[in-house]
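The values are calculated or read from the model by the stated rules, or taken from the named source; none is laboratory data. Everything numeric here is computed off the predicted structure, so don't read it as measured data. Methodologically, a virtual Cβ is constructed for each residue, glycine included, from the backbone with ideal geometry; neighbour enumeration extends over all protein chains shown. For the accessible areas, the whole protein counts, side chains as well, though only heavy atoms, and no ligand, DNA or RNA atoms are used. Shrake-Rupley method; radii C 1.70, N 1.55, O 1.52, S 1.80 Å.
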Amino acid sequence: SRAAISLTTGLEDSERVTVALLVAVGAAEAGRDTLMFLTKEAVRLATNGVAVGVACDGCPSIVDLMARLQAAGGELLVCPICFNSKHLDQAALVANARLGGTVQLWEWIGDGATTFSY
């Protein structure tokens, strides 16, 4: 089965980022096809060196969660409108990220997915 996690916030709300990543990592490490759809400020997380820090005392680091997601085969689908409006560099995308919008999201979902939104 598939899991799609939509995230709209970046490090301005690091706890929300952490929760979304925990859900994504849990799905991917359980063997589900997992996709995070990044929009608004969350698109910055898909560029090298941005997804850093620890959101709270006792929270896992965002760097570790991103690494675990990639190692488990999780993908990042990055809204191209949001990405380009912020004048970000496509060459700086992390290895498991690609630009794609709603058409690509629905293509990936196909016949269905469990969804979460943060």
The size of the Cβ-based charge dipole (Lys, Arg +1; Asp, Glu -1) of segment 33-118 about the Cα centre, to the nearest 20 debye, is 240 debye
Here the gain from full extension of residue 107 to residue 81, 0.36 nm per residue of separation minus their alpha-carbon distance, amounts to 7.6 nm
In whole percent, the fraction of accessible protein surface over segment 24-84 that belongs to carbon or sulfur atoms, probe radius 1.4 Å, stands at 52 percent
Lys and Arg at +1, Asp and Glu at -1: neighbours of residue 74 with Cβ under 12 Å from its Cβ sum to 0
PRE zone check, label point 7 Å out along Cα-to-Cβ of residue 1, amide N under 13 Å, scope segment 102-118, hits 112-116
Sorted on mean Cβ neighbours within 10 Å (highest first), peptides 35-41, 8-14 come out as 35-41, 8-14
Computed over the Cα atoms of the chain, the Rg and Dmax in Å are 13.0, 39
